[in-house]
Each structure stands twice: as structure tokens, then as C-alpha cells.
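Peer 1: Have a look at the structure that comes next, please.
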Amino acid sequence: MSKISNKIRSAAAQLSQMYKPSLAFARSVLIASAAVTLSLMGIRQLGILAPVELSAYDQMLRLRPEEQPDSRLLVVGITEADIQKLKQWPISDRKIAEILQKLEKMQPALIGLDVLRDVPLGDGREELTKLLQKNARIIGVCLVTDGSADNPGSPPPPGMPENRVGFADFGVDAGGILRRALLFMKPPTIKGNSSVEKHLCNDDSQVLTSFNLQLALRYLQGQKISPKLDPDQSLWLGKTQFKQLKSNDGGYSNVDVRGYQILINYRSRRQVANQVRITDVLEGKVDPNLVKDKIVLIGYTTESVKDFFYTPYSGRQQSKQFMPGIVAHAQVVSQILSTVLDNRPLFWFWPEWAEILWISGWSIVGGTLASRIAHPAKLAVTFGAMLSGCCAIVFGIFLLGGWVPVAAPALALIVTGGSIVSADRFNKAGYGKAISDRVKQAFKIEIDQAKKEQQVAEITESDFFKELQQKKDKLRISKKETSEKASSEPQEITAGAAELPQAESQTDEYLAQLQEKAKQQKQRAAVTESESSSKTPVPIDAGGGASSGETKPDDEFSDLQAKAKQMRQRRSAEKRIKDEKIDSLTDKEDLGGKEE
């Protein structure tokens, strides 16, 4: 078993060494990718990338193949040539009534009149009012207030039922570009002026339906398709759900999505439906088959009326940059009908988590390529190919009806790759190691310093240190008292007093040495006596002493005692002299005081 375990450990160590560079590479790429992805998501939330994403959307819309005109619609335009030919501006109520009557004879499914008739224009007002009230096929328009007293909105034609009126307003993006359609909305409250006349399009208690949705709903009713609202207020027409646009869908960032909005899926830049002029209708030049069972939309197509919009097709157009309002309405009507009846897809969007994965995926690709390809030219060509592939994938998804970010993943690819290349060159140049060593050294110094401070704190908090502190304080107080006392005595006595403790300490030390020697001599004498009793007696000379060269232990001990006695006498004499000097000095001071 031990051999098998050793082999397993050896194999694991080899695999660890083999894959160690790969793990380090993966860690660096993943860290860089995460940092870049989070940064780009934050930038997107701030709306910095929104203009780029919207420009990419417009470009993809221009590159997309155009569809055939919608045969269910007919646009009757009021052109500048019609105005010149009729010699009327604006077109009078009588001419509008005449046009409606001629179209009615050709049996259209619906007639949408995108012409404001809230005030009389020329003669024929009564005739037009009766026609609008009685003909259930005609849908009129009004304009919604912006909430200010100076712009209270425009009311619908008088006498027209509210269920046959829709608002003609659109929501436009920055730059006046029309990308979104309003289906429902609630008029804002007019502030600051209660004298404004109330009408359908400034009544904040009403939920209004748009002009284009009114036409589509009435046409679908003939197909036995009725609208339904989910509990979350989502609109369903048949089996098709029209999801409400959110503020961060697609390339948008914090866009105003009040009301019920959808993204306009334009059918064509040139001709959304067959189109004729009002003079052709008045002169009977229109084929009845173009009108029968069709949705007919009447409105101005001349730029002099200022009822036109920039669209995604306006980019790089030297002419025909604008789309008339009546044509824009036709685009939305066609989109709704085609989605419900022809299964034409609406635009769809990824959830936020999917967009994060999409961006981080391209970030990882950029980091991987930058770490594997060292040659600058090859790396540049590879990055160009990957950017082209990213754009191609986004465009392919767009053709299927999906709008996913393209600017954010492209930036993720470039920024992550650039950061990996920069970091690699930085490390190869030695700067990375130098900085790392400096940082490690700084951290080591800080750690050592912190450790020392901790040790000092532990020592200072110990009982032994506190006891030493108390002794130090006592010694400092004793020293202070001694110095104060010494300063009050004469210099001669002070010197004597300073020398006396030293002499006394020396004497005590000497006496202690003598006592120790005496003790040793006693022990030696006892040992000598025991040996002499068991061995041959030591010869004694005639004088009764020991043999030459030896000294009796008792005599040596007696000498030591005599020396100690002399030291004691000397010590007592010195003390007596000191006391006499102190007494004499005190007597002199007393005599001096009396003389004074």
C-alpha cells in the first residue's frame, strides 16, 4: 500500500508541475475577463455605450433585406404637388369630406385620417362632421399634451366617438430618430393652469390607444382576433404576445419607456405599402382593387407640414432622409398585422444574465488569443478576424429578430487582449518583479513591526513588568530624597558620607570573605585530625611544633579572627569620627544663629 500511495503522490506532483503554467494562465485570463466584464456592464448602465449600440442597430437595419410592400395597406398622401394643384393650404373640410366619400364607395376595410380637424378649415365643416359621426370605418387622430399649459394637445374632430380616435404621437430617441412605437399611454397631468379646456388627449384619467393600434385591432376583429391583457398587462393578439419594451433592452440604457412601447420592425425604407395621391382619388384614377378590403391611411407626405421623422434609414442619406408620419404609422400597422397573421417575428432581447455571459465569453476569447499568439502581426490579424466574427454573429441573430449587444463584446475582446499583452511585456521587462519585491518587502516590514508591537504590548501588560515599574518608581523617589538631603549638607560631610557607604560595603565584603575562609579552615582541620588518627603520627620537633613548612590550622584561624577584630575596631572608629564631625558642625551652626 505504501508503494501505491507513493506512486500516486509522485504522479500528482508531476501533474501539478505539468499543469501549473496552464493554471496560472487560466487564472490570469479569468481575472482579467471578470474585471473587464464588470467594468463594461457598469459603463453600459451609465449609458456611455448606448449611442454606439444604437448606431450599430441602425446599420444592421439598413443592411437587412427589404420586404415587399404590405398588400393589406394603401397610403393616400397629400403631396406638395396636390397642394399646388388644389390651390388650398391647408386642405379644406369640404375636400377632405369629398375624398372620404370617394374612398367609401370603393369599400375599404378601414380609413385612417391622420389629419387634424379640431377647428374648421374652409367651408364644408358640417358635411365633414356628419360623415365622421356616421361612418364607423373612419378612425380619427388627436395629439397628446406634454403636460404643460402651453401645449394642451389637439382634440379629435368634433362629434367623433372616442372609441374611433387614437393618438398620433411617437416616442423618439436622441437625435429625433424614430425607433419605438407607443401602443397605449396615459396623458400626463397639466400643471399650473386649470383653465385649459379638457379633451380626450389631455384627460389624465383616460388610457388612450394609438392611431396605428386602433386600425390594426379593428382589422383583426374582422379576422375574429380580439385583444387580451394578461395580469401583468401584457398585450396578446391571438397567440402572439407583444412584450413591452424595457428600459435596458437591446442596446438601450435607461430609456424612457412610459406607456406601452414596442420596437418598430421596419418593413422597408422605400415603400411599406402601395401609395397614391389625393388628386388621383379625386380624379378617379385609383384602381378600386387597391382600396377594397384594405386599410387606407390618409395624411401629409410633404415636408412643408413638418410631419416627418428621422429613422434608422436616414443615416448617410443625402436625400429622402425623412419618413412622413403617415408612412411611419403604416409601418407600425403592417408590423402588427404581419406578426399576428404572418408570424413575422417581433424584436426579442436577451436577459441581463445572458448578456453578461455573452460579453464575458468574448473577453475570455480575447485574453486567450493574446496569451497564445506572440507575434504582433498575427495577433492583429486574428483579432480583426474575431471582431468580424462577432459582428457576423450579431447580424445573424438580428436577421432572426434578436437584438444583442455588439459594442460591449467587441470592447471586451480588445481590452482583455490588450491587458494580457501589456501585463506580459510588463513582467518580461522586470518591472513586475521589482514592484512585487517592493510590495513584499513593505508588507514584511509592516508585519515585523506589528509583531514587535504585539510582543512589547504583551511584556508591558505582564505582572513582572508592572512589578519592575513599581520598583523603578520607588528607587527614583529614594534617589530624589537622597539627592535633596545631600544638597542641604556641607561639601566635606557630603563627601565623607558618600565615601562612607562604599567603605562600609567593602568592609562587609571583606569580613564575609574572612568568615568563609575561617569556615574552610575549620573543615580542613577536622579532616586532618581524622587522617592523623588513622595514619602514622606526624613527627614533632624539639620545640614542640610541627615539622618545618607547615602551619597549624588553629594558628591560621586565630590570625583571621584577629584581622576581623581589627577591621571591626577600625570601622567603629571611623563611625565615631563621623559622628563627632557632625556634632561639631551642628554646634557651630547653633552658635552662629545665636550670634545673629
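The values are calculated or read from the model by the stated rules, or taken from the named source; none is laboratory data. Fair warning: this is a prediction, and the values are worked out from it, not measured in the lab. Neighbour counts run over all protein chains shown; Cβ positions are idealised from the backbone, glycine included. Accessible surface areas use protein heavy atoms only, side chains included; no ligands, DNA or RNA. Shrake-Rupley method; radii C 1.70, N 1.55, O 1.52, S 1.80 Å.
Peer 1: Quick one: would you say Glu355 is at pLDDT below 95 and over 30 Å from Leu46 (Cβ atoms)?
Peer 2: Answer is no for this residue.
Peer 1: Could you tell me whether Lys224 is surrounded by fewer than 15 Cβ atoms within 10 Å (Cβ to Cβ), closer than 22 Å to Ile264 by Cα and among the charged types (D, E, K, R)?
Peer 2: Taking the combined requirement at face value, the residue does not satisfy it.
Peer 1: While we're on this one: Find the residue count for the range 78-96, including only residues that are more than 23 Å from Pro158 (Cβ to Cβ) and either in contact (Cβ under 8 Å) with a residue 12 or more places away in the chain or open to solvent by less than 10 Å² (accessible area, probe 1.4 Å) (or both).
Peer 2: Selection size over the range 78-96: 7.
Peer 1: Moving on. When the range 74-114 is examined, which residues are found to be of a type in the set (A, V, I, L, M), assigned to a loop (DSSP other than H, G, I, E, B) and modelled with pLDDT of 90 or more?
Peer 2: Within the range 74-114, Met106, Ala109 meet the criteria.
Peer 1: Which of the residues spanning the range 369-407 are in a helix (DSSP H, G or I) and under 15 Å from Phe349 (Cα atoms)?
Peer 2: Hits for the range 369-407 are Ile393, Val394, Phe395, Gly396, Ile397, Phe398, Leu399.
Peer 1: Please go through the range 36-59 and give me each residue that is at pLDDT below 90, open to solvent by less than 70 Å² (accessible area, probe 1.4 Å) and not in a helix (DSSP H, G or I), ordered by number.
Peer 2: Residue satisfying the conditions is Gly47 alone.
Peer 1: Mind listing just one residue for me: the one in the range 179-191 that is open to solvent by less than 30 Å² (accessible area, probe 1.4 Å) and not in a loop (DSSP other than H, G, I, E, B) and, of those, farthest from Pro155 (Cα to Cα)?
Peer 2: In this case the residue turns out to be Arg180.
Peer 1: Checking the conditions here, which among Ser33, Ser71 is open to solvent by 70 Å² or more (accessible area, probe 1.4 Å) and at pLDDT 65 or above?
Peer 2: After applying the criteria, what remains is Ser71.
Peer 1: Of all residues being among the β-branched types (Val, Ile, Thr) and at pLDDT below 90 in the range 366-381, which is nearest to Thr37 (Cα to Cα)? Just the residue, please.
Peer 2: Thr368
Peer 1: I'd like the residue in the range 166-178 that is part of a loop (DSSP other than H, G, I, E, B) and of a type in the set (A, V, I, L, M) and, out of all such residues, is farthest from Ile262 (Cα to Cα).
Peer 2: Of everything passing the filter in the range 166-178, Ala174 is farthest from Ile262 (Cα to Cα).
Peer 1: If we scan the range 334-342, do we find a residue that is over 41 Å from the mean Cα position of the chain (by Cα), within 19 Å of Gly166 (Cα to Cα) and surrounded by 24 or more Cβ atoms within 10 Å (Cβ to Cβ)?
Peer 2: yes
Peer 1: Let me ask something additional. Residues that are open to solvent by 30 Å² or more (accessible area, probe 1.4 Å): which strands (runs of 3 or more DSSP E) entirely in the range 248-326 hold 3 or more of them?
Peer 2: Where strands (runs of 3 or more DSSP E) fall fully within the range 248-326 and carry at least 3 residues being open to solvent by 30 Å² or more (accessible area, probe 1.4 Å), they are 274-277, 308-310.
Peer 1: Could I ask something else about it? I'm trying to understand the selection: among the residues of the range 233-247, which are under 29 Å from the mean Cα position of the chain (by Cα) and crowded, with 20+ Cβ neighbours inside 10 Å?
Peer 2: Listed by number, the list holds a single entry, Leu245.
Peer 1: With the requirement that a residue be modelled with pLDDT under 90 and open to solvent by less than 10 Å² (accessible area, probe 1.4 Å), what does the range 133-149 give you?
Peer 2: Result: Thr145, single match.
Peer 1: Of all residues in the range 163-178, count the ones that are open to solvent by less than 10 Å² (accessible area, probe 1.4 Å) and over 21 Å from Leu110 (Cα atoms).
Peer 2: 1
Peer 1: Identify the residue in the range 97-123 that is small (Gly, Ala, Ser) and either in contact (Cβ under 8 Å) with a residue 40 or more places away in the chain or within 28 Å of Val196 (Cα to Cα) (or both) and, among all such residues, is least open to solvent (accessible area, probe 1.4 Å).
Peer 2: Gly112
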